1. Of the listed values (1) 20.7, 70; (2) 21.4, 77; (3) 23.5, 97, grab the one calculated as Rg and Dmax of the Cα atoms in Å from the structure here.
2. Sorting Ile230, Ile279 by accessible area (1.4 Å probe), largest first, what list results?
3. Check each of the trypsin sites (Lys or Arg not before Pro) in the stretch 101-201 and keep only those in coil by DSSP with at most 14 other C-beta atoms within 10 angstrom; list them in order.
4. Could you compute the FRET efficiency for Met99 and Leu191, with r as their C-beta to C-beta distance and R0 at 41 Å, rounded to 0.05?
5. Give me the one-decimal nm value for the distance between modelled label points at Leu138 and Asn214, 7 Å along each residue's Cα-to-Cβ direction.
6. When only DSSP loop residues count, what GluC sites (Glu not before Pro) in the stretch 70-177 have their Cβ near at most 11 other Cβ atoms within 10 Å?
7. Which value in deg cm²/dmol, rounded to the nearest 500, describes the helix-derived mean residue ellipticity at 222 nm for the chain, given -39,500 (n - 2.57) per DSSP H run of n ≥ 4 and division by the residue count?
8. Just need the relative contact order of the chain here, percent rounded to a whole number, with Cα pairs under 8 Å and 6+ apart.
Amino acid sequence: MNDERLKTLLKGSAIWGFILLELVFFEVVGRTLSLSDNAFVDPDNMLLLLKQAAPLGIIAVGMTVVMINGNIDLSVGATYALAGIVMLDSMSWPMMEAMGAGAIPLAWGLALLTGCTLGLINGMIVWKTGVDAFIVTLGAMLGFRGLVFMYNGEQPTSHLDWTMVDIAEAGILGVQTPALVFLAVVLIVWLVMTRTVHGRNAYAIGDNREAAVNAGLRVGPHILINFVLIGFLAALSAVVFYSASGSVNPNDGMLFELWVITAVVLGGTKLTGGRGSVIGTLGGVLAIQLLRMGLGHIGAQTETVNLVIGTILIVVLFLDRQLNRKGAEELKI
């Protein structure tokens, strides 16, 4: 029992210990080598960290739920881009232009509806066909990206509305809208996963789907809801980001799925399902963004950032496997 408690403690606190290590390392290296005149651990830097982490972080929260459920969604990057295009393009429709600032909530709603619809398509196919979610969403990733290019060719979709920009860049006590939305999503989904029947069922289905079916859980509809959720959050991420930037490129969101899965796994969620934490994912997202910012702070190139994060992911997966190794008697069929 003591060993199990120690393992649980290590899994739950490891990502936060890693974040602390990052903060100390980049602050000390930056000061010691005089690579930057500014302190790394600075309130403004930490607020910027939250803001920059928000687009990936919002999607990562949804991916956590889907992965706990024993599935995965590789189409989130394309969903993100398509939702952003729908939002900005709709603002240029004659009807919407005539509404002025009143069209903004409607444009947001259309973007969120787009994300929910794409998530619904994925969930229905996984539920009704029984095809593995990896295969379904891999196809969806290609198909949805095709829709992105069909929508406006290879040209960016742009519409800068200053009222929308003001809302996106507003804040409370220095915490801007993207960070506020990110933290609100973390809190709400954490409550759902820890305080509701739906959350408990997600863990049960991810741990043993056959046992969940035998226990009378409605596995198909449950999976469907979670795919709609991640579609909604991918679109919400697009709303948060593109409301401020006002321009979507067709290639936006590419490789988002890899960054998101990396953050979720770093946060302690099992790729095979049945275990994970939204709070852990928050730590994983912040850890990745800290690496990006920290390596930039000490003058590292982009390829170095990718190499470091890829190496860390491999190490984390290895450690996760070691912590979850089963005895030979448990592996017998």
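The values are calculated or read from the model by the stated rules, or taken from the named source; none is laboratory data. Predicted model only: the values in this text are computed from it and were never measured. Neighbour counts run over all protein chains shown; Cβ positions are idealised from the backbone, glycine included. The protein model used for the area step is the full one, side chains on, heavy atoms only, and it has no ligands, DNA or RNA in it. Shrake-Rupley method; radii C 1.70, N 1.55, O 1.52, S 1.80 Å.
1. Here Rg and Dmax of the Cα atoms in Å agrees with entry (1).
2. Ile279, Ile230
3. none
4. 0.75
5. The answer from the label model is 3.1 nm.
6. Counting only loop positions with at most 11 other Cβ atoms within 10 Å, the GluC sites (Glu not before Pro) in the stretch 70-177 are Glu154.
7. Taken over the chain, the calculation gives -25500 deg cm²/dmol.
8. After rounding, I find 33 percent.
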